[in-house]
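Below is one structure. I have some questions about it.
The values are calculated or read from the model by the stated rules, or taken from the named source; none is laboratory data. A quick note: this is a predicted structure, and the numbers were derived from the prediction, not measured. Ideal geometry is used to build each Cβ from the backbone, glycine not excepted, and the neighbour counts take in all protein chains shown.
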């Protein structure tokens with residue numbers, strides 16, 4: 001049995017329909033539905049589960065996050081750490097993130113925010129742009145599943161790509177840097193910085209004034225990870241100073257972004273509402289169903305969260 005905790009009864013019914021399509025024999029129910037039997041639940045698919053709920057399921061074998069992040073689960077001090085916790089994945093999740101990052105980098109390259117502001121006031125202003133993709137190196141902070149999925153799309157557009165990770169990692173077609181010792185060199189050669197880091201205490205506030213100052217003048221920033229990675233006041237200050245040319249931001253802390261936040265109207269900032277890598281529900285149900293089938297066949301689960309590393 002799979003219990004689902006997300007978005008209310010109507011959304012839970014939609015999820016149930018997809019799971020019925022992929023595995024008719026598996027019983028599914030919204031976590032608070034009358035037909036739910038918590039004592040029989042073996043799997044949980046959830047977003048922001050109530051504190052203590054996961055720990056109350058005596059037969060639980062694995063936990064699936066509806067999104068790529070899992071901090072909405074691990075913030076509960078009682079979550080059962082002995083159980084596997086799976087970050088959302090699947091081909092479409094990576095495809096969506098690759099599309100988003102490619103779009104964001106192209107938008108910054110061709111100054112899309114400037115044209116959007118001009119369109120809003122019917123201003124015709126000729127500005128062809130100074131660079132092509134070949135002239136702007138994209139530096140990805142975080143080369144996990146989603147970071148790696150961005151590489152072929154960016155390279156296909158002509159962007160040179162480099163990456164930074166906590167520990168050394170090889171990725172085909174990417175110049176890689178690792179650890180504190182490699183960060184300065186990574187930043188110095190990055191014209192578009194893409195943050196795809198996991199949410200950990202070490203990455204909280206990592207994109208701050210000191211880090212942004214190490215980017216070349218005229219560089220830009222894309223954050224498609226977590227809002228807590230970016231010190232928003234520092235980013236605004238660096239944009240206002242003229243050191244950075246622009247930013248595309250998909251995640252904020254807290255969310256939703258407050259209506260009076262200065263970034264809504266900032267002329268150098270494009271905002272999206274945390275949608276970068278959200279696959280369609282049907283495809284996420286397919287990922288969970290396939291993972292459960294493999295797990296029950298004795299195969300390892302994908303995208304496992306490691307409590308020691310924090311991601």
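To keep it simple, each residue is scored yes or no on (1) surrounded by 21 or more Cβ atoms within 10 Å (Cβ to Cβ); (2) under 24 Å from the mean Cα position of the chain (by Cα); (3) at pLDDT 95 or above; (4) not in a strand (DSSP E or B).
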site	(1), (2), (3), (4)
15	yes, yes, no, yes
67	no, yes, no, yes
97	yes, yes, yes, yes
119	no, no, yes, yes
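Then there's this: Provide a single number: the residues in segment 1-12 that are part of a helix (DSSP H, G or I) and closer than 20 Å to residue 65 by Cβ. Lay out the reasoning, then the answer.
Of segment 1-12, the ones part of a helix (DSSP H, G or I) are 8-12.
If we keep only those that are closer than 20 Å to residue 65 by Cβ too, we end up with 8, 11-12.
Summing the residues that are part of a helix (DSSP H, G or I) and closer than 20 Å to residue 65 by Cβ in segment 1-12 gives 3.
Do we find that residue 131 is assigned to a helix (DSSP H, G or I) and assigned by TED's automatic domain parsing to the domain that holds residue 228 in this structure? Talk me through it step by step, then tell me what you get.
Details: assigned to a helix (DSSP H, G or I): no; assigned by TED's automatic domain parsing to the domain that holds residue 228: yes.
Judged against the criteria, residue 131 is not a match.
In this structure, does residue 154 turn out to be touching a residue at least 24 places away in the same chain (Cβ under 8 Å), touching a strand residue (DSSP E or B) at 6+ places or on another chain (Cβ under 9 Å) and within 25 Å of residue 95 (Cβ to Cβ)?
yes
Being more than 23 Å from residue 71 (Cα to Cα), touching a strand residue (DSSP E or B) at 6+ places or on another chain (Cβ under 9 Å), modelled with pLDDT of 95 or more and surrounded by 15 or more Cβ atoms within 10 Å (Cβ to Cβ): is that true of residue 247 here?
Values: more than 23 Å from residue 71 (Cα to Cα): yes; touching a strand residue (DSSP E or B) at 6+ places or on another chain (Cβ under 9 Å): yes; modelled with pLDDT of 95 or more: yes; surrounded by 15 or more Cβ atoms within 10 Å (Cβ to Cβ): yes.
Here the answer is yes, as residue 247 does meet what is asked.
Quick check on this structure: which one of 263, 288, 238, 231 is surrounded by 15 or more Cβ atoms within 10 Å (Cβ to Cβ), in the same structural domain as residue 101 (by TED's automatic domain parsing) and farther than 22 Å from residue 107 by Cβ? Reasoning before the result, please.
On the way: 263 fails: farther than 22 Å from residue 107 by Cβ; 288 fails: in the same structural domain as residue 101 (by TED's automatic domain parsing); 238 fails: farther than 22 Å from residue 107 by Cβ.
Just one listed residue meets the conditions, 231.
Looking at residue 133, is it crowded, with 22+ Cβ neighbours inside 10 Å and over 13 Å from the mean Cα position of the chain (by Cα)?
Details: crowded, with 22+ Cβ neighbours inside 10 Å: no; over 13 Å from the mean Cα position of the chain (by Cα): yes.
Criteria not met by residue 133.
Any idea which of 220, 178, 213 is in contact with a strand residue (DSSP E or B) (Cβ under 8 Å, 6 or more places away or on another chain) and within 24 Å of residue 264 (Cα to Cα)? Give the steps one after another, and end with the answer.
Numbers: 178 fails: within 24 Å of residue 264 (Cα to Cα); 213 fails: in contact with a strand residue (DSSP E or B) (Cβ under 8 Å, 6 or more places away or on another chain).
220 is the lone residue from the list that is in contact with a strand residue (DSSP E or B) (Cβ under 8 Å, 6 or more places away or on another chain) and within 24 Å of residue 264 (Cα to Cα).
Only one of (1) in contact with a helix residue (DSSP H, G or I) (Cβ under 6 Å, 6 or more places away or on another chain); (2) surrounded by 19 or more Cβ atoms within 10 Å (Cβ to Cβ); (3) not in a helix (DSSP H, G or I) fails for residue 146. Which number is that?
Of everything listed in (1) in contact with a helix residue (DSSP H, G or I) (Cβ under 6 Å, 6 or more places away or on another chain); (2) surrounded by 19 or more Cβ atoms within 10 Å (Cβ to Cβ); (3) not in a helix (DSSP H, G or I), residue 146 misses just condition (3).
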